[in-house]
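Heads up, the thing below is written out as structure tokens.
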There are 4 protein chains.
Amino acid sequence: MVGNSFGKKLRITTWGESRGKALGVVIDGCPPKLKLTEGDIQKELDKRKPRQSKITSQRKEKDKVEILSGVFKGETLGTPIALIIKNDVTGEKCYEDLKNVFRPGHADYTYYKKYGIYDYRGGGRSSARETIGRVAAGAIAKKLLNQKGIKTIAYTKQIGNIKAKRIDFEEVEKNSVRCPDKEAANLMEEKILETKEMDESIGCIVEIVIKHVPAGLGNPVFNKLDADLAKALMSIGSVKGVEIGAGFKTSDMLGSENNDQITKNGFKTNNAGGILGGISTGQDIIIRIAVKPTPSIEKEQKTIDSEGNEKRIKIRGNHDPCICPRIVPIAEAMVSLVIIDHLLMK
Amino acid sequence: MVGNSFGKKLRITTWGESRGKALGVVIDGCPPKLKLTEGDIQKELDKRKPRQSKITSQRKEKDKVEILSGVFKGETLGTPIALIIKNDVTGEKCYEDLKNVFRPGHADYTYYKKYGIYDYRGGGRSSARETIGRVAAGAIAKKLLNQKGIKTIAYTKQIGNIKAKRIDFEEVEKNSVRCPDKEAANLMEEKILETKEMDESIGCIVEIVIKHVPAGLGNPVFNKLDADLAKALMSIGSVKGVEIGAGFKTSDMLGSENNDQITKNGFKTNNAGGILGGISTGQDIIIRIAVKPTPSIEKEQKTIDSEGNEKRIKIRGNHDPCICPRIVPIAEAMVSLVIIDHLLMK
Amino acid sequence: MVGNSFGKKLRITTWGESRGKALGVVIDGCPPKLKLTEGDIQKELDKRKPRQSKITSQRKEKDKVEILSGVFKGETLGTPIALIIKNDVTGEKCYEDLKNVFRPGHADYTYYKKYGIYDYRGGGRSSARETIGRVAAGAIAKKLLNQKGIKTIAYTKQIGNIKAKRIDFEEVEKNSVRCPDKEAANLMEEKILETKEMDESIGCIVEIVIKHVPAGLGNPVFNKLDADLAKALMSIGSVKGVEIGAGFKTSDMLGSENNDQITKNGFKTNNAGGILGGISTGQDIIIRIAVKPTPSIEKEQKTIDSEGNEKRIKIRGNHDPCICPRIVPIAEAMVSLVIIDHLLMK
Amino acid sequence: MVGNSFGKKLRITTWGESRGKALGVVIDGCPPKLKLTEGDIQKELDKRKPRQSKITSQRKEKDKVEILSGVFKGETLGTPIALIIKNDVTGEKCYEDLKNVFRPGHADYTYYKKYGIYDYRGGGRSSARETIGRVAAGAIAKKLLNQKGIKTIAYTKQIGNIKAKRIDFEEVEKNSVRCPDKEAANLMEEKILETKEMDESIGCIVEIVIKHVPAGLGNPVFNKLDADLAKALMSIGSVKGVEIGAGFKTSDMLGSENNDQITKNGFKTNNAGGILGGISTGQDIIIRIAVKPTPSIEKEQKTIDSEGNEKRIKIRGNHDPCICPRIVPIAEAMVSLVIIDHLLMK
């Protein structure tokens, strides 16, 4: 009913406002006796942080995770794992000019309509910082999946009109845009710098591949594996579309083109994206998400404040002109949480 | 955890195999004192049935609904409403040749992998007939929404490469493809007949508009309104993609193009599709889903049976070459169930 | 949120008013390939019916169950099992004089306060007939438990001031009060006849024993096995108390008296009733429930109608002066549903 | 599914081991704009602490609460409220002799059977310190209830064989046993001291009264208000029984004695304890719980360790010989959480 928990057998509950005292997550249902250190989680959190590169925000966020419960002598207890990440910057000053002015493309307006109050400092609860808890929990999910030989890999598929043409998983962590195609990565970096100079931002597409999921995972009818993945990914801020396998292309395909025929050696194609009738086929699960351009731009925009007065704003601060590289680990986390949840439910 | 229920405050549970004795749904949480007759539900069910037109399946399904509980003297009691739709055809004979042969693009293979058993008659539980319960429950959801002035309208946006260019809601129920653009409808009908003659099927895109949803509906962070809509729609068989507002197009948009600026008179555009930060803005909610071509085609396909033997099959029976017109009322039902659920949760 | 479903991995949803067209239950999550016939379920339903003995209601209820889905060629499919029990008597006439008069001790008043409407025929949804769905689902739960060697046995422990002094499981189904002590059974039967002659009813205590539950079952902290059992049993109409192991007696025990000490051969006593910290110890689980006297009595009572007018009523019809023998199979069903649910969740 | 969350619309998730770094709770679903300070919560937590009196544990626990999120400028935001209580004592030394020895009456044995690992320091997650999160969340629930004029009052009804004979709410916080009868309180204190001198502990009964709950609250059929209350209370460690209204006494009552007759001025009695058919009548809700004697006693007991070796133990440390005064605020918290949850669900 309430909105800050996700999952059934591995259930996470996140909390924290962008510029409050701390952010965190409670993970309930992690099996006992998993070896777990703060380092395991920090590694994933570090991926989420703005990179120290030309194309990203220059803000510095330490985001150091601390394990408060559920781990005893290096092993999980089966009891809830509470993780906390303290905020360095909790000051208000820099946000006073945005106070009660609804930033276009942000949730300020809708939070105000729903609650009649919102923490205007850095977006409060609707900030991208909310995903810290997701990524921290996702690190545990990934560890559990790895034990079963399952891997989730996300990467930048497209930024603006520049598309990755080859998929080399090894390349992903080698460039600042997390693109599996080195050449495209260079073009994407240029594109982003250009965008930045225009005081603008740009959208992108992230692709996620899940390898070695056993056939037979997922629940009909409403809790289909793809339905749960769609929800998980659509719950990430800025995501405006989700497609699986051939996705929107299927709308202009013939039955014989789209159906994955089967031989003794398995499926001949994978237009289904690894899921049929909501249940995994054993092939790679392949999903793509559309991510809108960062709503925070320096370019002047029209808006109103909470009293209804018209305002013009330029949003300063070091905002990423393209959040693609930061969405990658979040997408990986969400997908990992869904898969491990379905596996534990079996 | 289990998969056949949907919703929280208006919770439906569907049951029934395609060619079993009956199909049905239990609706829990419907407010008391709603006037409700079998006719109200039958009206929606009739939309779901294969139309008696050239372009659709020639099978005859009566699909007569009966209310078994929860309604007393024409009014709902607040207790569970049980609806049953008896099956006319429960025979097995016509399905014996498909017994244990996995139809490509269908869930036969994955159900077998999950359960080790499946009802092979007409797809059993994974059949499109499963959606009877959804549409029946959706009829009640729509009645409840209408009381609050909220309308959900779905229609065929695209079939193959033919797109609706204008949206005239009045047109939708006037043509056999449920397209809001009369001219496009004619082209679509031709396209479908062509496809049929090739023993093929064709994919499509359905668009859903929800009008007059009040601002402030939806739950952060995981139970965002768009996340719940994405799950609901992705849970419909054959749906391979969901996008909201500008959707996948946002991946090649600039921030200033995509952000919906605000003036005293409201938002200037609606690229967000009526939802920001998971909460409704008060604008129209606009969603599109990609629907794959009907997997049942007469054209010969390669597959295997449950023993692993290679087979070639031609799937006979009167299958719709394009299921778009039948997906329309199902999409409307699912979306209505999500919106009323969020409204009742407020 | 809504109230007519129970369980998580074996989830049941019941529906139906006492004198509506039918009552039923949908069971979601039953594992596939369980052999299941209508006879398996009918056997338990027959226990629930008023017995044709002097001490019970003389009403005749056929209560024939029909399986509508989820079973194919004698085996479960893993899909929802829908069961329906049609009502023979749906007439209204005999209830017209009770129309809108709140029977003391019944839920008429509170349903009216909650919903502003209720089906006054035989109690509608708040009738004991609602438990038909529970018992039918419980029959499946018991079959699943039996496969794992687990047995649930309920019996009459006390009626009025007459207590069973010995527990002979074989005796339970041999007498009309379902008491495991033959001598006490005779006294109980006399007591009930006496009560009946006074136009009265009498309360009772039912005890439930669950044998061979493996150690380690249950979830801390809120979903403790005893907490879930307490909820399940307290959800049965007329139950006013639940205790486990030494129960209320522990309030006047010393620590050393109550603690079950442990030796190499296991626990020396079982004051815990088989559960410590919400998790099973491997000993018998022992629970008792207090059942209030049937509220329907012929003796004249004061009450009001829905307009607030004072009324005097004598409730006629063949009501059981003691519902103990009918509560026994219901308690068994509820307890079986909890145990199988926790086992499937492991 | 998992066990550390409670409630639906006001949903709490507790975490923390007895002697870990910290304990805490996340409260999701608290309405926005409630004025809330750490003092509001601390007040309730202080009631839970061992009192500095002769009859209680002499351990000192500071238990200082800190609000980490969900409150902005003194008002709730509608976002999750994270509360943390840091542990002063996290040392291990004093617990080394109990390492892997199952204390009788404690959950050590069952946790070990379930998880194969447990934090043996002070009971780990199964410690009474787990209830800190419940009481902290309960403080918020009580504030929300107070706004609606609803009051929950718990008190010691019986310790050993000494019963409170009068109920004076004003008296409860004036004596060390939280008994509403001054005279009985004196006898209870004596009883406890006596027990302590014997190296023993003693059980008790707590009664909870909820005043001014509006009629019509609660959900049929499985989520009855009394069923939810029973679960909430049975989920508190050491509780072995729950009864409502006349409770176990109804087993020896006649229908006419037990039925609460109704006149124009309302119900004449309250044997129902304020709930009929799972829905509130508008009368006081009255519940009692049986609490077993503290399992930690200095008297020597027989047990085994995790290797199966027989051991004899005397449990030292300053354990309360009767936990009644500490159960009182916990019971109040749990009951408050249930009532506010049902109110928010309406």
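The values are calculated or read from the model by the stated rules, or taken from the named source; none is laboratory data. Note that the structure is predicted; figures quoted are calculated from it, not measured. Positions of Cβ are backbone-derived with ideal geometry, glycine not excepted, and every protein chain shown enters the neighbour counts.
Can you name the residue in region B:122-156 that is farther than 20 Å from B:Gly29 by Cα, crowded, with 21+ Cβ neighbours inside 10 Å and aliphatic (A, V, I, L, M) and, of all such residues, is modelled with the lowest pLDDT? Filtering region B:122-156 for residues that are farther than 20 Å from B:Gly29 by Cα, crowded, with 21+ Cβ neighbours inside 10 Å and aliphatic (A, V, I, L, M), the one modelled with the lowest pLDDT comes out as B:Ala128.
In the set C:Asp28, C:Asp46, C:Asp40, which member is farther than 24 Å from C:Arg316 by Cβ and either modelled with pLDDT under 95 or of a type in the set (Lys, Arg) (or both)?
Matching residue, one of C:Asp28, C:Asp46, C:Asp40: C:Asp46.
Of the residues making up region C:297-323, not one is in contact with a Gly (Cβ under 7 Å, 6 or more places away or on another chain) and more than 7 Å from chain D (Cβ to nearest Cβ). The C-beta contact set for region C:27-38 (first residue within 9 Å of another protein chain (Cβ to nearest Cβ) and free of Cβ contacts under 8 Å to residues at least 60 places away in the same chain, second residue surrounded by 17 or more Cβ atoms within 10 Å (Cβ to Cβ) and among the acidic types (Asp, Glu), distance under 9 angstrom, 6+ apart or interchain) is empty.
The numbered conditions (1) within 18 Å of the chain's Cα centre (by Cα); (2) at positive phi; (3) within 14 Å of chain C (Cβ to nearest Cβ); (4) surrounded by fewer than 24 Cβ atoms within 10 Å (Cβ to Cβ) are all true for D:Asp63 except (3). Looking only at region A:307-331, residues that are over 22 Å from B:Asp252 (Cα atoms) and touching a strand residue (DSSP E or B) at 6+ places or on another chain (Cβ under 7 Å) come to 4 in all. Scanning region B:239-267 for residues that are surrounded by fewer than 23 Cβ atoms within 10 Å (Cβ to Cβ) and part of a loop (DSSP other than H, G, I, E, B), which turns out farthest from the other protein chains (Cβ to nearest Cβ)? Here the answer is B:Asn265.
Residues in region D:23-47 that are buried (at least 20 other Cβ atoms within 10 Å of the Cβ) and part of a strand (DSSP E or B): D:Leu23, D:Gly24, D:Val25, D:Val26, D:Ile27, D:Asp28. In the set A:Met198, A:Met188, only one residue is of a type outside the set (D, E, K, R) and surrounded by fewer than 20 Cβ atoms within 10 Å (Cβ to Cβ); that residue is A:Met198. Whenever a residue of region C:102-119 is at the interface with another protein chain (Cβ under 7 Å from one of its Cβ atoms) and at pLDDT below 95, its partners that are surrounded by fewer than 24 Cβ atoms within 10 Å (Cβ to Cβ) and outside any loop (DSSP other than H, G, I, E, B), lying with C-beta atoms within less than 7 angstrom and at least six residues away or across chains, give the pairs C:Ile117/B:Glu75; C:Tyr118/C:Tyr112; C:Asp119/B:Phe72. Can you pull out every residue in region B:63-85 that is within 15 Å of B:Lys35 (Cα to Cα) and outside any loop (DSSP other than H, G, I, E, B)? Correct list: B:Ile67, B:Val71, B:Phe72, B:Glu75, B:Thr76, B:Ile81. In region A:285-313, the residues that are free of Cβ contacts under 8 Å to residues at least 40 places away in the same chain reach residues that are part of a loop (DSSP other than H, G, I, E, B) with C-beta atoms within less than 6 angstrom, at least six apart or across chains, in these pairs: A:Glu300/A:Lys314; A:Glu310/B:Lys264; A:Arg312/A:Glu300. Among the residues making up region A:164-191, a single one is in a helix (DSSP H, G or I), within 14 Å of chain B (Cβ to nearest Cβ) and within 20 Å of the chain's Cα centre (by Cα): A:Met188. Restricting to region A:124-151, and then to whatever is within 9 Å of chain B (Cβ to nearest Cβ) and farther than 30 Å from A:Glu75 by Cα, can you tell me which residue is nearest to the chain's Cα centre (by Cα)? Within region A:124-151, the match that is nearest to the chain's Cα centre (by Cα) is A:Ser126.
So which of A:Lys165, A:Lys211 ends up being in contact with a strand residue (DSSP E or B) (Cβ under 6 Å, 6 or more places away or on another chain) and surrounded by fewer than 20 Cβ atoms within 10 Å (Cβ to Cβ)?
Selected residue: A:Lys211, the only one of A:Lys165, A:Lys211 that is in contact with a strand residue (DSSP E or B) (Cβ under 6 Å, 6 or more places away or on another chain) and surrounded by fewer than 20 Cβ atoms within 10 Å (Cβ to Cβ).
Reported count of residues in region A:1-15, each being more than 7 Å from chain B (Cβ to nearest Cβ) and over 13 Å from A:Asp228 (Cβ atoms), is 4. Would it be correct to say that C:Glu332 is facing another protein chain (nearest Cβ under 7 Å), closer than 23 Å to D:Lys240 by Cα and either in a strand (DSSP E or B) or touching a residue at least 24 places away in the same chain (Cβ under 8 Å) (or both)? Judged against the criteria, C:Glu332 is not a match. Inspect all residues belonging to region A:87-97 and state whether any of them is among the polar types (S, T, N, Q) and modelled with pLDDT of 95 or more. No, region A:87-97 contains no residue that is among the polar types (S, T, N, Q) and modelled with pLDDT of 95 or more. Restricted to region B:204-228, and to residues there that are more than 8 Å from chain A (Cβ to nearest Cβ) and in contact with a helix residue (DSSP H, G or I) (Cβ under 8 Å, 6 or more places away or on another chain), the residue that is farthest from A:Ile304 (Cα to Cα) is B:Val206. Just checking, how many residues over region B:201-238 are part of a loop (DSSP other than H, G, I, E, B) and either within 10 Å of B:Arg288 (Cα to Cα) or modelled with pLDDT of 95 or more (or both)? Residues meeting the conditions: 17. Return the residues of region A:268-294 that are among the aliphatic types (A, V, I, L, M), closer than 26 Å to B:Gly116 by Cβ and facing chain B (nearest Cβ under 7 Å); say none if nothing qualifies. Passing the criteria: A:Leu276, A:Ile279. For region A:8-45, filtering for residues that are aliphatic (A, V, I, L, M) and more than 16 Å from the chain's Cα centre (by Cα) leaves 7.
Right, A:Thr281: crowded, with 21+ Cβ neighbours inside 10 Å, in contact with a Phe, Trp or Tyr (Cβ under 9 Å, 6 or more places away or on another chain), more than 30 Å from A:Leu225 (Cβ to Cβ) and touching a residue at least 12 places away in the same chain (Cβ under 8 Å) or not? No, not satisfied.
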